[in-house]
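The values are calculated or read from the model by the stated rules, or taken from the named source; none is laboratory data. Predicted, not measured: the structure shown is a model, and the values here were computed from it. Positions of Cβ are generated from backbone atoms using ideal geometry, with glycine treated the same way; all protein chains shown enter the neighbour counts.
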Amino acid sequence: MTDRTDGGRSNSIRSMSSRVTGNRVRKAPAERRAEIVEAAARLALTEGLECITLRRVADMLAIRNSTVGHYFPATEDLVAETFGHVAETELSTLISADNEATPTQRLAHFLSLALSAEFHDVNRLWLNARHLARYRPTLRERVIRQGDHWRERLTSLIQSGIDTDEFHTTDAEAVALKILVVIDGLSADLNADPRFPTTVQQMAVDLAETELHLAPGTLRHTP
């Protein structure tokens, strides 16, 4: 009887120890930090940046609040990093460094996806971030930085088209800014009312073709 009881107790302790060990898996700092940002990104895209708290993210990952706080001492740091992560990922998808595609093909790809349903949640997050940035300095700095990244990447794409004689303009940056302003405006309106006719939703394409002296329809088809 004693042996069976001790054996049962030992098995129970081993089982408990296994569970505790399993719940406290140590991860490399870079991996843990990335995991925290990914969890916060899921929360931001579904509920908004204002819903990110250290506690919410810790609960999502079943880790201690202090673990999240170790990587992001202030919630505002995590909010800014989360927005930057989502925005940079979107940029890499929409304007990729595809050496096989022509500048025209890459620009058409960008314009076809920028306002698509696939990126609706990300576009809404940009609106969310810009609103909150009015009174959150850390987030405002990140919004400005990501905006600079977008302008630089699109300007570089347009300049590559100028260099290959596909696009014709004397100011690649000005054209990039005009395209982004139209996309931002349409994104804001479509977020409130998605019933805009196709002719209105294609304004960014029309603008790009006009500014770059392309034949109508050149940028309407994604390769």
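Applying the selection to the stretch 58-72, what residues are farther than 19 Å from residue 138 by Cα and either part of a helix (DSSP H, G or I) or of a type in the set (A, V, I, L, M, F, W, C) (or both)? Once the filter is applied, which keeps residues that are farther than 19 Å from residue 138 by Cα and either part of a helix (DSSP H, G or I) or of a type in the set (A, V, I, L, M, F, W, C) (or both), the stretch 58-72 yields 58, 59, 60, 61, 62, 63, 65, 66, 67.
State yes or no: is residue 207 assigned to a helix (DSSP H, G or I) and in contact with a Phe, Trp or Tyr (Cβ under 9 Å, 6 or more places away or on another chain)? Criteria not met by residue 207.
Within the stretch 190-223, can you find the residues that are of a type in the set (D, E, K, R) and modelled with pLDDT under 80?
Selection gives 193, 195.
Of the residues making up the stretch 77-96, none is more than 22 Å from residue 182 (Cα to Cα), at pLDDT below 95 and surrounded by fewer than 19 Cβ atoms within 10 Å (Cβ to Cβ). Annotation: of all residues in the stretch 186-223 being surrounded by 15 or more Cβ atoms within 10 Å (Cβ to Cβ) and among the small types (Gly, Ala, Ser), the one that is nearest to the chain's Cα centre (by Cα) is 187. Restricted to the stretch 173-185, and to residues that are closer than 19 Å to residue 119 by Cα and among the hydrophobic types (A, V, I, L, M, F, W, C), which residue is surrounded by the most Cβ atoms within 10 Å (Cβ to Cβ)? If we take residues in the stretch 173-185 being closer than 19 Å to residue 119 by Cα and among the hydrophobic types (A, V, I, L, M, F, W, C), then 179 is surrounded by the most Cβ atoms within 10 Å (Cβ to Cβ). Looking at the stretch 91-184, the helices (runs of 4 or more DSSP H) lying wholly inside it that each contain 2 or more residues that are over 14 Å from residue 208 (Cβ atoms) and in contact (Cβ under 8 Å) with a residue 12 or more places away in the chain sit at 120-132, 137-163.
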